[in-house]
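So the structure is just underneath, and the comments pick up after that.
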Amino acid sequence: MSLVKQIKDTFLQVFNSDPQIIAKSPGRINVIGEHTDYNNGFVLPAAIDKGVYIGLSAREDDQIELFSIDYNEKYTTDTTSLIFGKELWTNYILGVTRILSKQTDAIKGYNLVVVGDVPLGSGLSSSAALTCATSFSLGKLFNLNLSKLDIAKIGQQTEHEAVGVRCGIMDQFASVFGQDNSLIKLDCRSLEYEYIPIQLEGYEILLLNTNVKHSLASSAYNKRRESCEAAVALVKEKYDEVDSLRDVTLAQLDELVKPVNEEYYQKARFVIQENERLLKATEALKANNITTLGKLLYQAHWALSKEYEVSCEELDFLVDTVSTYPEVAGARMMGGGFGGCTINIVQKGKSKAVIEKLTDLYFNKFSLNLIPIEVSISNGTHEIY
Ligand code: GLA
């Protein structure tokens, strides 16, 4: 059954009515440029066909009633208390509601049903899909006139305030601004962006889900961000014009960070070099030079693993193994790290063979199923009706 139909049927069952709005916001992939967004750098994501769907209706009172189809769970609160439930999905929806309620008194009681098909913990940003779908549909229902950028920023703020992950803007931006068959080259400092048509002539994208999500992910994420900020602070002591790693050169790191703190140095150097890799990868993509693109992906992976230290055994194993396959041009871990998927650039029609070769190897090593995820590049947040 389609997810839209599931929303409608469930709405009828739980709330005895039809939703006034159904909206969808997608998950995302990212070709290259990891951990650069919160350092004002560049990213190269795209929205995918998989996403989060929300059905929503206004109520006469100030109750908020939420129903998650995936968790088969109902949760009720009201517009004054806005207390989060035990499960994280309520934090995201109510976190968005809290932020909007501080900005306007237009938010009244509502009924909401949510469902999604972004595999959870896969690094495809189901949480950005959820927060963006929520703010978009609440914005429509209560006539808030939110711009696309407002929606992305509210999603990011929710992640900071309601979940405690100090993420950048990449996931939410990609979810909202995604465009069919295009990557988004986003400058996270100016928020200027460019759509780059994805034309991997002779190649296709294959995502392989490790099926692990290591629990230290969110605290380690914040710790990396702190190391980058500490490096910036050290450079700023001498070069006051510097506000983020985007403004910092490798020479400045060598001069001011390396002698003081090797950890900060290593993390900051990774970010500067990852931005350089992204710029080269963008050129390679535009020239349809898949060999160069692939090499940059491998380089990015091992830098994420050995220098930024956000990979894990399972991700490393997958990337290491495919690097011996001639039909794979490049691969790397994708997203925040510590689990989730790898993104692989594979010769057209060869994905199935790659999956077949890897599945047993992966299971024998980790006793885990390797899960291939098929995605296509699609439009961002939109109303279904
Ligand atoms: C997570 C965050 C993003 C970004 C990536 C790493 O997905 O939500 O903001 O920092 O990790 O590139």
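The spread of Cα positions in the stretch 1-119, taken along each principal axis and listed from longest to shortest, comes to 46, 37, 25 Å. Which distance in Å, rounded to a whole number, links the C-alpha centroids of the stretch 43-98 and the stretch 211-264? So the separation of the two Cα centres works out to 34 Å.
What the phi angles of the stretch 96-107 give under the Karplus curve with 6.51, -1.76 and 1.60, with θ = phi - 60°, is a coupling list of 4, 4, 4, 4, 5, 5, 6, 8, 8, 9, 7, 6 Hz, glycine and proline written as x. Annotation: amide H-H contacts under 5 Å for residue 196 (H modelled 1.01 Å from N, sequence separation of 5 or more, or interchain): 183, 184, 185. When the square roots of the Cα gyration tensor eigenvalues are ordered a ≥ b ≥ c, the ratio a/c for the stretch 336-385 is 1.5 or more and a/b exceeds b/c, which makes its shape prolate.
The eigenvalues of the Cα gyration tensor, multiplied by 5 and square-rooted, give the stretch 126-170 an equivalent ellipsoid with semi-axes of 19, 10, 9 Å from largest to smallest. Charge tally for residue 136 (other residues, Cβ to Cβ under 13 Å; Lys, Arg +1; Asp, Glu -1): +2. Remark: the residue 374-residue 140 segment gains 81.2 nm on full extension, using 0.36 nm per residue and subtracting the alpha carbon distance.
The residues packed around residue 14, meaning those with a beta-carbon under 9 Å from its beta-carbon, carry a net charge of 0 if Lys and Arg are +1 and Asp and Glu are -1. Quick one: among 13, 347, 299, which has the greatest mean-square fluctuation in a GNM of the chain with alpha-carbon springs under 10 angstrom? So, out of 13, 347, 299, the one fluctuating most is 13. Between residue 313 and residue 356, the contour length at 0.36 nm per residue exceeds the Cα-Cα span by 13.5 nm. For the chain, relative contact order (Cα pairs under 8 Å, six or more residues apart, normalised by length) works out to 23 percent. Loop sites by DSSP among the trypsin sites (Lys or Arg not before Pro) of the chain, restricted to those with at most 10 other Cβ atoms within 10 angstrom, leave 87-237 as the longest stretch without any of them.
Here is the P(r) of the stretch 203-373: all C-alpha pair distances, binned every 5 Å from 0, give 1, 9, 16, 17, 17, 14, 12, 7, 4, 2, 1 in whole percents. In this calculation the C-beta distance from residue 73 to residue 226 is compared with R0 = 35 Å, giving a FRET efficiency of 0.50. Extents of the chain, taken as max minus min of Cα coordinates on every principal axis and listed largest first, are 61, 54, 38 Å. For the stretch 362-376, the Karplus equation 6.51 cos²θ - 1.76 cosθ + 1.60, evaluated at θ = phi - 60°, returns couplings of 5, 5, 4, 7, 10, 6, 10, 7, 8, 10, x, 10, 8, 9, 10 Hz by residue, with Gly and Pro reported as x. Cross-link partners for residue 50 among the lysines, with Cα-Cα distance under 20 Å and sequence neighbours closer than 8 places in the same chain left out: 5, 8, 24, 148, 213.
Note that the stretch 81-93 has calculated 3J(HN,Hα) couplings of 8, 6, 7, 6, x, 6, 8, 4, 4, 6, 4, 5, 5 Hz, one per residue in order, obtained from phi through the Karplus relation 6.51 cos²θ - 1.76 cosθ + 1.60 (θ = phi - 60°); glycine and proline are x. What the Cβ-Cβ distance of residue 5 and residue 233 gives, at R0 = 41 Å and to the nearest 0.05, is a FRET efficiency of 0.20.
Computed extension length for residue 366-residue 20: 119.9 nm, one decimal, from 0.36 nm per residue of separation with the Cα-Cα distance subtracted.
Give, as a single signed number, the net charge of other residues whose beta carbon lies under 15 Å from the beta carbon of residue 71, with Lys and Arg counted +1 and Asp and Glu -1. Neighbour charge sum, excluding residue 71 itself: -3.
For a straight C-alpha distance cut-off of 18 angstrom, the lysines reachable from residue 306 (same-chain residues fewer than eight places away being disregarded) are 223, 258, 267, 295.
Is it possible to state the helix-based mean residue ellipticity at 222 nm for the chain, with each DSSP H run of 4+ residues giving -39500 (n - 2.57), the sum divided by total residues, to the nearest 500 deg cm²/dmol? What is it?
It comes out at -13500 deg cm²/dmol, rounded to the nearest 500.
No value in this document is a laboratory result; all are computed from the given coordinates. Model, not experiment: these values are computed from the prediction. Cβ: placed from backbone, ideal geometry, glycine included. Neighbour counts: every protein chain shown.
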